Structures are given as C-alpha cells and as structure tokens.
Amino acid sequence: MVPTDRRVGLLFGQRVVGADGTDIGHVHDVRLRADGPFIPGFGPALRIEGLVVGEGSLATRFGLDRADVAGPWPLSALGRRAARRAHFVPWETIERHETHITTTHTRADVPKAYP
C-alpha cells in the first residue's frame with residue numbers, strides 16, 4: 001500500500017531498498033529544486049529532486065555530513081567520512097511503501113551524493 005500523506009518530513013529515517021533487495025541505507029536529507037510554477041509571495045514552487053541516503057552516524061545526526069557545515073575536528077572528520085558514503089537516489093526512481101522506500105536502481109548504480 002502506498003502512503004497518501006505527502007509531507008516531506010515523513011521521508012526522513014525511512015529505509016531505502018535497491019531493486020535487487022539490498023539495503024542502501026536510510027533517508028538523511030531531501031534535495032529540493034525551485035523550478036516549479038511561480039507562487040506570488042513565495043517564488044518558484046519547490047519539487048523534490050531526490051533523497052540523500054546512507055548509513056546512520058553521529059555526524060549525520062548533527063548535520064556535519066554537509067559540505068557547508070563545520071564543527072570540531074573529530075566530528076568534522078566523521079562528517080566527511082559519512083558524506084563520502086552517502087548516495088543520491090533520484091525522486092523519479094523511488095516508490096514509497098508503508099514501511100520502506102524502494103528504488104529501481106541497485107546499490108552499485110546509485111550515484112554518490114557528494115562527488
């Protein structure tokens with residue numbers, strides 16, 4: 001059964017499974033693109049471009065896996081390591097289920113989130 005609730009916040013933490021059944025990781029971030037129709041008082045509408053998926057880590061929970069965030073040296077080093085392992089799953093390739101998300105890609109085919 002496909003969930004009908006369309007809130008972006010519900011995607012965070014969801015398990016993502018590849019086409020071959022292998023676990024890719026959990027959703028850590030959602031990438032948006034402002035290229036939709038113009039909304040007065042807001043600007044271009046946002047659409048989901050894809051999901052940043054990876055293994056959980058302390059640095060990820062603190063947001064230190066993002067290139068624009070810095071922290072104390074040990075945590076920044078862990079964040080860079082988590083970022084190297086993160087994958088980007090295009091929105092067009094996913095299907096939402098009650099307990100997880102599937103993609104038409106295998107783990108080997110999913111590109112890195114931060115090349």
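The values are calculated or read from the model by the stated rules, or taken from the named source; none is laboratory data. Here the structure is a predicted model, which means the values were calculated and not measured. Using ideal geometry, Cβ is built from the backbone for each residue, glycine included, and neighbour counts are taken over all protein chains shown.
Remarks
- When the stretch 68-101 is limited to residues that are in a helix (DSSP H, G or I) and at pLDDT 90 or above, the one that is surrounded by the fewest Cβ atoms within 10 Å (Cβ to Cβ) turns out to be Glu92.
- Among residues of the stretch 1-30 being at pLDDT below 85 and either within 11 Å of the chain's Cα centre (by Cα) or among the hydrophobic types (A, V, I, L, M, F, W, C) (or both), the one that is nearest to Ile48 (Cα to Cα) is Val2.
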